[in-house]
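What follows is one structure encoded as structure tokens, with my remarks underneath.
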Amino acid sequence: MFLCWCLSLVALIPLTTSTNPGVKVKLTAKGIEYGRQLAVASILQKLKTIKLDDVSGKVRVSIGKVKYSLKNMNMVDVGLPTATLDLVPGTGPKLSIVNANFRLNGNWRVKYRFVKDSGSFKLNGDDISFSTSLSIKTDPTGRPAVSSIDCGANVGKMSVRFRGGASWLYNLFKKSISSAIRKAMQKKICPLVANAVSDLNNNLKTLNVLAKVDKFAEIEYSMVASPAVSKTSIDFGLKGEFYNIGKHQEPPFSPAVFSLPPQINNMLYIGVSSFTIESAAFVYNTAGALSLYITDDMIPKISPIRLNTRTFGVFIPQIAKRFPGLMMKLLVKMAKAPVITFEPNNATVQSFASVTAYAIQPNATLTPLFVLNLVSSVSARVFVSGTRLAGAVTLNKMDLTLGTSYVGDFQVGTLNSIFQTVLNFVVIPRMNAQLAKGYPLPTLGKMKLVNTQLLVLKDHVMIGTDVQFTG
Ligand SMILES: *[C@@H]1O[C@H](CO)[C@@H](O)[C@H](O)[C@H]1NC(C)=O
Ligand SMILES: *[C@@H]1O[C@H](CO)[C@@H](O)[C@H](O)[C@H]1NC(C)=O
């Protein structure tokens with residue numbers, strides 16, 4: 001109940017810009033846990049390469065001044081047993097590490113009056129803690145950018161074991177060693193964490209904010225506002241809009257508000273709104289990519305229905321009479337952008353086309369015979385293929401009305417079977433070949449989607465997925 005309440009509050013946090021996102025991405029607690037593992041691995045890697053500068057100093061003891069130096073300090077092992085990543089609502093994730101430990105080896109050298117001595121030492125620290133908050137903002141390219149804020153590190157108790165040399169000598173400066181190394185380590189940790197965070201940014205910079213689709217279209221995935229951080233998730237609003245390549249013309253419609261249901265089983269939830277798909281249809285329509293000439297050779301040989309004046313003459317006798325023995329050609333052209341409807345478990349596309357039928361004269365001139373209005377509805381199956389969103393459609397129903405006739409009156413309904421054949425055997429297979437290629441989802445670098453599921457919901461499709469980064 002409490003969770004629902006929190007999530008509904010998050011949903012109410014207004015985005016600071018007027019643009020509603022076309023695509024939403026929710027990183028869940030499970031995703032954040034995966035992020036924690038990646039962050040810890042990265043920080044651990046970096047801690048192992050810490051190079052401590054040589055340390056030298058003097059200690060004043062009762063017998064006088066002892067000069068010592070520590071050289072060749074080498075990190076042998078680092079452990080980060082306890083790391084937590086919590087979300088701080090309104091700010092971002094906070095990474096806290098306690099009980100971290102390390103072992104290092106080095107050489108010591110000491111000078112006291114005329115006595116010189118040297119040996120090696122091993123140092124164990126097992127009381128290191130550090131924490132940092134990450135703020136997530138939008139960079140100028142619309143990608144998320146994180147920065148480490150409020151980093152603090154504390155190195156606690158350490159134990160040193162010496163080898164070689166005289167114990168009465170090194171015992172004189174044993175305490176100073178610990179404090180020198182503690183200071184040196186303490187100074188190194190936060191810059192190193194900042195470094196690990198900036199590596200993370202290198203990763204975030206691979207977000208495909210402008211993903212090329214094909215020769216007509218690209219998708220923009222820039223963030224429309226800074227991410228919303230709640231106790232249990234980070235929510236990103238992305239533009240999710242198709243554009244003609246190089247020409248970003250806005251369609252005459254804009255994204256409606258939609259919200260992802262509170263799912264938690266996967267690391268990541270991606271909601272793709274019907275706006276995104278409609279913007280695709282708008283782009284392809286504007287580019288003229290949704291019109292198609294259909295000729296007889298495109299209709300399977302087994303079909304008794306042919307694109308010639310003999311077949312059409314069966315239904316419209318004037319055609320057989322006035323244009324005997326000619327082949328025909330159809331021009332299917334979108335009249336306006338299709339309407340995409342997402343209802344729970346139901347994705348439907350309604351399209352509005354005009355169909356012009358021509359007779360092909362022996363000298364190749366096209367003589368128009370009639371123009372029909374074709375309203376068709378297809379059901380879409382939407383699925384994820386790799387990191388792409390793909391689909392396949394089947395014809396639901398089709399409705400023909402007469403636009404213009406150049407061959408006198410006829411019953412349009414008699415042409416239904418011809419146009420059903422044309423849609424099922426020519427138009428829809430072409431659409432499906434295109435849809436099967438899919439459209440890039442927002443991704444980072446070499447991100448793989450696993451355990452992926454897709455649900456069609458009201459006004460959007462929701463993809464739940466886990467991710468793996470390879471290399
Ligand atoms: C799917 O939705 C469309 C349009 O919203 C509707 O006409 C159709 O009957 C629905 N199909 C099913 C199986 O519910
Ligand atoms: C092509 O043939 C048609 C029909 O015979 C005729 O009306 C038209 O003028 C011809 N066009 C050309 C360019 O020869």
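The helix-only estimate of mean residue ellipticity at 222 nm for the chain, built from DSSP H runs of length n ≥ 4 each weighted as -39500 (n - 2.57), is -7500 deg cm²/dmol after division by the residue total. Based on every Cα atom in segment 237-339, Rg and the maximum pairwise Cα distance Dmax equal 22.0, 68 Å. For GLY391, the residues 5 or more places off, or on other chains, whose built amide H falls under 5 Å of its own are PHE383, ALA436, GLY438. Each Lys or Arg adds one and each Asp or Glu takes one away; over the other residues whose Cβ falls under 12 Å from the Cβ of LYS122, this sums to +2. Rounded to the nearest Hz, the phi-derived 3J(HN,Hα) couplings of segment 94-110 under the Karplus curve 6.51 cos²θ - 1.76 cosθ + 1.60 (θ = phi - 60°) are 10, 9, 10, 10, 10, 6, 5, 9, 8, 10, 9, 10, x, 10, 10, 8, 9, where x marks glycine and proline. Annotation: peptides 51-58, 202-209, ranked by per-residue average of other Cβ atoms within 10 Å with the highest first, follow the order 202-209, 51-58.
Helix 2-12 and the long axis of the chain differ in direction by around 60°, with both axes built from C-alpha atoms. Counted by Cβ distance under 9 Å from VAL23, the other residues give a net charge of +1, where Lys and Arg count +1 and Asp and Glu count -1. Karplus-derived 3J(HN,Hα) values for segment 228-235, using 6.51 cos²θ - 1.76 cosθ + 1.60 with θ = phi - 60°, are 9, 9, 10, 5, 10, 7, 10, 10 Hz; glycine and proline are entered as x. P(r) for segment 67-223, from all Cα pairs and a bin width of 10 Å, is 10, 28, 22, 17, 12, 7, 3, 1, 0 %, short bins first. Overall, the ratio between the Cα radius of gyration of segment 210-469 and 2.2 N^0.38 Å, rounded to two decimals, is 1.20.
With only Cα atoms counted, the chain has Rg and Dmax values of 34.4, 126 Å. Here the gap between ILE264 and SER179, fully extended at 0.36 nm per residue and compared with their Cα-Cα distance, gives a gain of 26.0 nm.
Residue by residue, segment 173-182 carries 3J(HN,Hα) couplings of 10, 3, 4, 5, 4, 4, 6, 5, 6, 4 Hz when phi is fed to the Karplus relation 6.51 cos²θ - 1.76 cosθ + 1.60 (θ = phi - 60°); x denotes Gly or Pro. For VAL213, the residues 5 or more places off, or on other chains, whose built amide H falls under 5 Å of its own are GLU218, ILE219. Close amide H partners of VAL224, meaning residues 5 or more places away or on another chain with modelled amide H under 5 Å apart, are GLY237, LEU238, LYS239. Modelled spin-label separation between THR84 and ASP399, with each label point placed 7 Å from Cα along the Cα-to-Cβ direction: 6.0 nm. A dipole drawn for segment 138-213 from +1 and -1 charges on Cβ atoms has a positive end, and of THR138, ALA180, THR206 the residue lying farthest that way is ALA180.
If Lys and Arg each add +1 and Asp and Glu each add -1, what is the summed charge of the other residues whose beta carbon sits under 15 Å from the beta carbon of TYR406? Present the calculation step by step, with values, prior to reporting the outcome.
Numbers: positive: LYS321, ARG322, LYS329; negative: ASP409.
Combined, the nearby Lys, Arg, Asp and Glu give +2.
Kirkwood hydrodynamic radius, computed over distinct alpha-carbon pairs, for segment 281-423: how many Å, to one decimal? Mean inverse Cα-Cα distance, inverted, gives 16.6 Å.
With Cα atoms defining each centre, segment 445-471 and segment 330-350 are spaced 25 Å apart in the structure.
Bear in mind that the values in this text are calculations on the coordinates, not laboratory data. None of these values were measured; they are calculated from a predicted model. When we count neighbours, we look across all protein chains shown, and the Cβ atoms used for this are built from the backbone with ideal geometry, even at glycine.
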